[in-house]
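Everything below concerns the one structure shown next.
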């Protein structure tokens with residue numbers, strides 16, 4: 001049997017993603033995004049005249065990631081065990097996301113002269129699907145059960 005180019009590629013992997021999990025991720029993602037944006041906006045409104053908006057971004061990042069981790073672990077990926085390892089992996093995904101955010105936000109604000117809040121909303125929207133894939137394939141990935149762990153049936 002020969003594989004067609006798309007059989008082992010990204011198209012098949014995207015089609016194989018569990019719909020229920022994607023829906024949960026989307027719903028939790030809306031809550032996470034709203035929460036994180038509200039934290040960013042609140043800090044920007046209260047501290048923005050004292051500290052740079054990138055400092056506000058880092059502070060809101062810490063708060064938002066902790067909230068997102070708890071909800072995604074509990075409501076989306078429904079995993080158990082490895083709490084600290086999963087948190088480290090989760091945060092590593094969001095550190096990449098933070099790096100992208102730290103690079104894009106000044107481009108939108110300083111070069112394109114956008115207001116900080118709309119610029120941050122755009123950056124957050126761009127990052128949503130990438131974080132799902134990273135969490136699915138890396139953060140909360142569990143090994144497939146081995147054949148040795150499956151019970152044997154009597155072969156009468």
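The values are calculated or read from the model by the stated rules, or taken from the named source; none is laboratory data. For clarity, every value in this text was computed on a predicted model and none was experimentally measured. For neighbour counting, all protein chains shown are included, and Cβ atoms are generated from backbone atoms with ideal geometry for every residue, glycine included.
Overview of results
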quantity: Selection count, region 12-58, where residues are part of a helix (DSSP H, G or I), surrounded by 12 or more Cβ atoms within 10 Å (Cβ to Cβ) and at pLDDT below 80; calculated: 4
quantity: Those residues of region 127-141 which are out of contact with any helix residue (DSSP H, G or I) (no Cβ under 8 Å at 6 or more places or on another chain) and either within 14 Å of residue 90 (Cβ to Cβ) or at pLDDT 80 or above (or both), in sequence order; calculated: 133, 137, 141
quantity: Residue that is farthest from residue 33 (Cα to Cα) [pool: residues in region 112-126 that are modelled with pLDDT of 90 or more and part of a helix (DSSP H, G or I)]; calculated: 116
quantity: Search result, residues across region 59-97 that are over 14 Å from the mean Cα position of the chain (by Cα), outside any helix (DSSP H, G or I) and at negative phi; calculated: 79, 80
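Results for (1) within 18 Å of residue 136 (Cα to Cα); (2) in contact with a helix residue (DSSP H, G or I) (Cβ under 7 Å, 6 or more places away or on another chain), shown as yes or no for each residue.
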| position | (1), (2) |
| --- | --- |
| 40 | no, yes |
| 44 | no, yes |
| 53 | no, yes |
| 57 | no, yes |
| 60 | no, yes |
| 84 | yes, no |
| 88 | yes, no |
| 91 | yes, yes |
| 116 | no, yes |
